[in-house]
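In what follows, a single structure is set out as structure tokens and then discussed.
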Amino acid sequence: PEHIRKGYDKAISRLSEDLYSKKIHFVFELIQNAEDNEYSKDLVRKLRFELLDYDPTNTSGCDGCLAIFNNEKGFELENIKAISTIGDSTKANLKDLGYIGEKGIGFKSVFAVTPSPHIYSNGYQVCFKEKDSVTKLGYIIPYWVDEVPSIVSQNSVDFNTCILLPLKANLDGLKDQIETELMQ
């Protein structure tokens with residue numbers, strides 16, 4: 001019913017905004033997610049952030065993009081399902097093994113800076129929408145992305161996962177804040 005959908009959408013939005021009052025907190029969440037990822041035993045873990053002056057996703061209302069590359073094993077269907085919910089995590093049962101992320105809300109912090117995070121990993125190519133005009137449920141519905149941007153293809157040999165965060169244009173000084181945080 002419509003009233004339940006509206007309530008759910010408001011709760012998701014409020015949770016992501018209230019939990020992460022610092023706009024660039026999402027950087028820490030992404031680093032933590034990379035730390036918790038599964039890697040092949042013979043590989044050295046690699047995580048790279050690249051701040052782009054252009055948006056390879058061509059998302060409306062965006063100026064630039066933050067590209068995150070990781071050489072983890074890559075997303076599986078269970079990871080897509082977990083990121084498409086609130087409070088579900090593929091790491092919840094792994095806390096004893098040293099995994100920190102378990103609440104199923106950390107990735108939602110990216111919506112402080114992007115209206116549509118894009119994930120390219122292990123054959124999955126999806127995006128999420130902050131404002132979803134189709135379902136009216138922002139943050140959680142994955143949409144298949146038909147075209148893979150060249151920056152993803154160019155880095156696919158070294159990195160199994162690429163997350164593209166087209167940056168909201170109306171956030172003054174956002175790029176500078178991200179750059180400062182990444183340089184520390």
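The values are calculated or read from the model by the stated rules, or taken from the named source; none is laboratory data. Source: prediction; values computed, not measured. A quick note on method: Cβ atoms are made from the backbone with ideal geometry, for glycine too, and the neighbour counts reach across all protein chains shown. These area figures cover heavy atoms from the full protein model, side chains too; ligands, DNA and RNA do not enter into them. Shrake-Rupley method; radii C 1.70, N 1.55, O 1.52, S 1.80 Å.
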Every residue in region 1-38 that is modelled with pLDDT under 75, surrounded by 12 or more Cβ atoms within 10 Å (Cβ to Cβ) and among the polar types (S, T, N, Q), please.
S13, S16
Would you please list the contacts, defined by Cβ atoms under 9 Å and residues six or more apart or on different chains, that run from a residue in region 57-68 that is more than 22 Å from D132 (Cα to Cα) to a residue that is part of a strand (DSSP E or B) and of a type in the set (S, T, N, Q)?
I68/T161
Collect the residues in region 149-184 that are over 16 Å from the mean Cα position of the chain (by Cα) and of a type in the set (A, V, I, L, M, F, W, C), keeping them in residue-number order.
I151, V157, A169, L171, L174, L182, M183
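Hey, could you check region 85-127 for residues that are modelled with pLDDT under 90 and of a type in the set (S, T, N, Q) and say which is most open to solvent (accessible area, probe 1.4 Å)?
Within region 85-127, the first condition is being modelled with pLDDT under 90, and the residues that meet it are 85-109, 112.
Next cut, of a type in the set (S, T, N, Q) only: 85, 89-90, 93, 109.
Working: T85: 41, S89: 26, T90: 51, N93: 147, S109: 3 Å².
Per the criteria, the residue is N93.
State which residue is surrounded by the most Cβ atoms within 10 Å (Cβ to Cβ) when the search covers only region 44-63 and only residues that are hydrophobic (A, V, I, L, M, F, W, C) and at pLDDT 95 or above.
If we take residues in region 44-63 being hydrophobic (A, V, I, L, M, F, W, C) and at pLDDT 95 or above, then C62 is surrounded by the most Cβ atoms within 10 Å (Cβ to Cβ).
Residues that are small (G, A, S), free of Cβ contacts under 8 Å to residues at least 40 places away in the same chain and either outside any helix (DSSP H, G or I) or open to solvent by 80 Å² or more (accessible area, probe 1.4 Å) (or both): does region 164-173 have at least one? Steps first, answer last, please.
The first filter runs over region 164-173 and keeps only residues small (G, A, S), leaving 169, 173.
Then keep just the ones that are free of Cβ contacts under 8 Å to residues at least 40 places away in the same chain; that gives 173.
Now narrow it down to the ones that are either outside any helix (DSSP H, G or I) or open to solvent by 80 Å² or more (accessible area, probe 1.4 Å) (or both): 173.
Checked region 164-173: at least one residue is small (G, A, S), free of Cβ contacts under 8 Å to residues at least 40 places away in the same chain and either outside any helix (DSSP H, G or I) or open to solvent by 80 Å² or more (accessible area, probe 1.4 Å) (or both).
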Report, by residue number, each residue of region 131-163 that is surrounded by 18 or more Cβ atoms within 10 Å (Cβ to Cβ), part of a loop (DSSP other than H, G, I, E, B) and in contact with a helix residue (DSSP H, G or I) (Cβ under 7 Å, 6 or more places away or on another chain).
G138, Y139
